[in-house]
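A.B. asks: My questions will all concern the structure given below.
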Amino acid sequence: MRKVVSGLFITLDGVVEAPYLWQFDLFDEDMNDAMLKMMAGMDTALLGRVTYEEWAGYWPNATADEDYATFINNTPKHVASTTLKQLDWQNSILIPGNVAEYVARLKEQPGGTIGIQGSPTLVRYLVAADLVDELTLAVHPVIAGRGNRLFPGGEELKRLALIDSRITASGVAILTYRPLTTV
């Protein structure tokens with residue numbers, strides 16, 4: 001069975017929104033290596049609507065980060081949205097109907113790792129549905145003070161096991177967790 005993995009940049013106060021405001025000065029070679037490691041074996045991406053719309057406007061014509069641009073443009077992208085009717089970005093597929101059922105079926109198909117790219121609302125939803133096999137958080141030594149949080153409150157208790165950790169030269173803690181049910 002395929003794994004669903006998610007990696008997010010996050011602040012000490014749990015903010016995942018707009019990492020471009022607080023993340024770039026801390027992105028070092030260690031973080032780059034960690035991101036490349038997480039992408040290894042990933043052949044499918046899951047995106048929420050907001051991330052899809054932001055990225056579809058940028059990555060198809062990106063001139064920076066050419067390695068990632070090539071990867072994300074050529075990777076099949078399954079998009080969770082109840083409002084989008086059409087997807088224009090190459091290799092993009094709109095998820096019809098129930099997202100949890102769709103992702104569960106996707107996990108049963110042959111292939112490599114399924115990565116959730118950005119999309120904190122989708123991550124939160126799939127964690128609640130017990131469909132995320134690994135959650136990597138790149139915890140930045142920053143307090144954003146405001147912005148959308150990965151877990152804003154009201155979620156059910158979930159226990160996780162830390163399976164990997166490292167601190168980058170710039171002080172970012174990269175922590176990878178698995179649900180205890182799969183340990």
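A.B. asks: Can you pull the percent of Cα pairs in the range 106-177 with separation above 18 Å?
C.D. replies: On the way: 1306 of 2556 pairs.
The answer is 51 percent, as a whole percent.
A.B. asks: Any idea how far apart residue 69 and residue 84 come out in nm if each label point goes 7 Å out from Cα toward Cβ?
C.D. replies: Each label point lies 7 Å from its Cα, and together they span 2.0 nm.
A.B. asks: Excluding residues on the same chain fewer than 8 positions from residue 85, give the lysines whose Cα lies under 16 Å from its Cα.
C.D. replies: The reachable lysines, counting only those whose Cα sits under 16 Å from residue 85, are 77.
A.B. asks: Further, regarding this structure: Please arrange 142, 15 by accessible surface area, largest first, computed with a 1.4 Å probe and ligands excluded.
C.D. replies: From most accessible down to least: 142, 15.
A.B. asks: Using only DSSP helix segments of four residues or longer, with each worth -39500 (n - 2.57), what per-residue ellipticity at 222 nm results for the chain after dividing by its residue count and rounding to 500?
C.D. replies: One gets -7500 deg cm²/dmol as the mean residue ellipticity at 222 nm.
A.B. asks: Now, a different point. Per residue, how much accessible area does the range 58-162 show when a 1.4 Å probe rolls over the protein heavy atoms, in square angstrom? Walk me through the numbers before you get to the answer.
C.D. replies: Numbers: 5940 Å² over 105 residues.
So the range 58-162 comes to 57 Å² accessible per residue, rounded to a whole number.
A.B. asks: Could you report the accessible area of residue 158 in Å², rounded to 10, computed with a 1.4 Å probe on the protein chains as they sit in the structure?
C.D. replies: So the heavy atoms of residue 158 present about 80 Å² to solvent.
A.B. asks: Still on this structure, please answer the following. Calculate what fraction, in whole %, of the accessible area of the chain sits on carbon and sulfur atoms when a 1.4 Å probe is rolled over the protein chains.
C.D. replies: 53 percent
A.B. asks: Okay, next question. Tell me the accessible surface of residue 17 in square angstrom (1.4 angstrom probe, heavy atoms of protein chains only), to the nearest ten.
C.D. replies: 80 Å²
A.B. asks: To the nearest 20 debye, what is the magnitude of the charge dipole of the chain about its Cα centre, counting +1 on the Cβ of each Lys and Arg and -1 on the Cβ of each Asp and Glu? Spell out each step's value before the answer.
C.D. replies: Numbers: 15 positive and 22 negative charges, 133 e Å.
In debye, rounded to 20, the chain gives about 640.
A.B. asks: Between (1) 16.9; (2) 18.8; (3) 19.2, which matches Kirkwood radius over Cα pairs in Å calculated for the structure shown?
C.D. replies: (1)
The values are calculated or read from the model by the stated rules, or taken from the named source; none is laboratory data. Note that the coordinates shown come from a computational prediction; the quantities given were computed from them, not determined experimentally. All Cβ positions, even for glycine, are placed from backbone atoms using ideal geometry, and neighbour counts span all protein chains on display. SASA here: full protein model, heavy atoms, side chains in, ligands and nucleic acids out. Shrake-Rupley method; radii C 1.70, N 1.55, O 1.52, S 1.80 Å.
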